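The values are calculated or read from the model by the stated rules, or taken from the named source; none is laboratory data. The model shown is predicted, which means the values in this text are computed figures rather than measured ones. Here Cβ is always computed from backbone atoms with ideal geometry, including for glycine, and neighbour counts include all displayed protein chains.
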Amino acid sequence: MDEFFEATITVNGKAVTRRVQPRQHLIDFLRDELGLTGSHTACEHGVCGACTVRIDGQIRRGCLMLAVQAHGCSVDTVEGLTDSGELGALQQEFHERNALQCGFCTPGMLLTAQELVATQPDATREEIRDFMSGNLCRCTGYQSIIDAIEEVIVTRRKGAQP
């Protein structure tokens, strides 16, 4: 017998109420039930960062949280942050530096970088590298990703808020 729970989650600013299975992961709920496919499923162990979402203002791994655990929470996906313009400068710098080669890790990288820029506006290159270390990329070698994030931080530090 399948048991379902009703969960109300604010996703990208809109309240959504759905019946969810007790063991359905948040990332699967977002992708399969809501069609928000920007965040990806890869390792399913919270190691790679491809499933990164923002829950109640902090980045989290969508594969490590059940949809029912998100009941009452606010969840932002890459789609919501791009629509709001929060990622504009980071997206531009990723594009200019080709820091998004295959694109699979890019949504998680952008969400993590956005939190870094917001919480550590004076981060050094080494601090950027450390903060981003939980997000894996198989294509770029990370240099272009670090360069892009560093440029956003340096530009903002100079007062030219992109």
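Annotations
- Looking only at residues of the stretch 137-159 that are of a type in the set (Gly, Ala, Ser) and at pLDDT below 90, we find that the one that is surrounded by the most Cβ atoms within 10 Å (Cβ to Cβ) is GLY141.
- Leading residue by the ranking (surrounded by the most Cβ atoms within 10 Å (Cβ to Cβ)) among those in the stretch 107-136 that are charged (D, E, K, R) and within 16 Å of ARG97 (Cβ to Cβ): ARG129
- Scanning the stretch 44-52 for residues that are at pLDDT below 90, among the acidic types (Asp, Glu) and either part of a loop (DSSP other than H, G, I, E, B) or surrounded by 17 or more Cβ atoms within 10 Å (Cβ to Cβ) (or both) turns up at least one hit.
- Every test in (1) touching a Ser or Thr at 6+ places or on another chain (Cβ under 8 Å); (2) touching a residue at least 24 places away in the same chain (Cβ under 8 Å); (3) not in a loop (DSSP other than H, G, I, E, B) is passed by ASP83 save one, and that test is (1).
- Residue match in the stretch 76-97 (condition: surrounded by fewer than 18 Cβ atoms within 10 Å (Cβ to Cβ), in the same structural domain as ASP147 (by TED's automatic domain parsing), at negative phi and among the aromatic types (Phe, Trp, Tyr)): no
- Scan the stretch 56-76 for residues that are out of contact with any helix residue (DSSP H, G or I) (no Cβ under 6 Å at 6 or more places or on another chain), in a loop (DSSP other than H, G, I, E, B) and of a type outside the set (A, V, I, L, M) and the total you get is 5.
- Identification of helices (runs of 4 or more DSSP H) wholly contained in the stretch 87-162 with 2 or more residues that are without any contact (Cβ under 8 Å) to a residue 12 or more places away in the chain and under 26 Å from VAL75 (Cβ atoms) yields 106-119.
- Filtered residue count, the stretch 1-42, keeping only those that are assigned to a loop (DSSP other than H, G, I, E, B), in contact (Cβ under 8 Å) with a residue 60 or more places away in the chain and surrounded by 14 or more Cβ atoms within 10 Å (Cβ to Cβ): 5
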